[in-house]
1. Output the pairs from LYS78/LYS98; LYS33/LYS156; LYS5/LYS36; LYS33/LYS187 with a Cα-Cα distance over 21 Å in this structure; if there are none, say none.
2. Tell me, what is a quarter of the convex hull surface for the C-alpha atoms of the range 8-101, in nm² with one decimal?
3. When a/c is below 1.5 the answer is rounded, else prolate if a/b is larger than b/c, else oblate, so apply that to the range 148-232 with a ≥ b ≥ c taken from the square roots of the Cα gyration tensor eigenvalues.
4. Listed highest first by mean packing, meaning other Cβ atoms within 10 Å per residue, what order do 51-60, 71-80, 158-167 come in?
5. Which one of ASN51, PHE26, GLY37 has its Cα pushed farthest toward the positive end of the charge dipole of the range 8-101, where Lys and Arg give +1 and Asp and Glu give -1 at the Cβ?
6. List the residues whose amide H sits under 5 Å from the amide H of ILE88, counting only those 5 or more places along or on another chain, with H placed 1.01 Å from N in the peptide plane.
7. Hey, if you put +1 on the Cβ of every Lys and Arg and -1 on every Asp and Glu Cβ in the range 148-232, which of LEU209, THR175, THR190 ends up farthest toward the positive end of that dipole?
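Nothing in this text is a laboratory measurement; each read-out follows from the coordinates by a stated rule. Computed from a predicted structure; not experimentally measured. Heads up, the Cβs are rebuilt from the backbone with ideal geometry, glycines too, and the neighbour counts pull from every protein chain shown.
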Amino acid sequence: MPFTKLDAGITDSSLWAEPEYVRIVFITILAKKNHKGEIITAYSGLRREANLTEDADGNKFKKAIECLESPDLESRTKGNEGRRIEKIDGGWKVINHKKYRDFSYSSSPSALKQKRYRDRNKKSNALPPLLSLRNGSVSVSVSESVSVSSEEEHEKEMSEFETARLTYPGQKRATETEFVLFKKNSKYKTILPTLINSIKRQMAERKTLSAEKKFIPTWKSFENYILKEGWNEEFMAPLVVKPKQQGQIMSKAELAALADGTYDEGKDYAKNKD
């Protein structure tokens, strides 16, 4: 399950002098950011996640984002003028993510031992295959650990999956748990690039049904959505138009009706015939 480091010194920082709603939004961002320090979500999505109790003017969330994106002359970190987050395509990025991710919070023997182990693994992944001479012939020894390219591919897939996951309106669990479940589908590599578009299509279809005051099924949990392959669901039946008789051309009125979705095969469009 993903987790985030929270520096104990945060209570001594200039951030802690800001109003409580600024602190709540920033902690929410820390909890939701991915391995790159990015939170990929819409403005309304992050506002919902922060779950602020708004005041009369309803501007707490907006003020919090503006504060976190603005320079802070009292910040202990002078880079980027003390800004804490920056807007990126699709969401925000925590500016000091890498600094605090790489910071060692413990000098205990066990923590140092774990660090040495991680460092050795990084080196072994970076080294080329080892050559050894056996019985006059050269043999190649390849590490059984995960290669760097495999790790990069996993991170790319995880990021793409997280973007689609955050778009999904239904109830969600932990990203890692749902990603493992998703990868059990033998076609997941083919499905992943189109997953977010399938979700957006279904959201648009539900919006149309709502405008027409038609029944709209509730969103499944994202776990069930994956298990049931919910990306294949269509909430609106496709419009089927029987071909015109040979040589007969559709009028502009008929084409316009097709375009706006109001085409009725039984309707007489002769009055509007060109």
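1. LYS33/LYS187
2. 6.0 nm²
3. Numbers: a/c = 2.48, a/b = 2.15, b/c = 1.15.
Because a/c hits 1.5 or more and a/b exceeds b/c, the range 148-232 counts as prolate.
4. Packing order, densest peptide first, comes out as 158-167, 71-80, 51-60.
5. Result: GLY37.
6. Sorted by chain and number, the residues that satisfy this are LYS93.
7. Going by the Cα projections, it comes out as LEU209.
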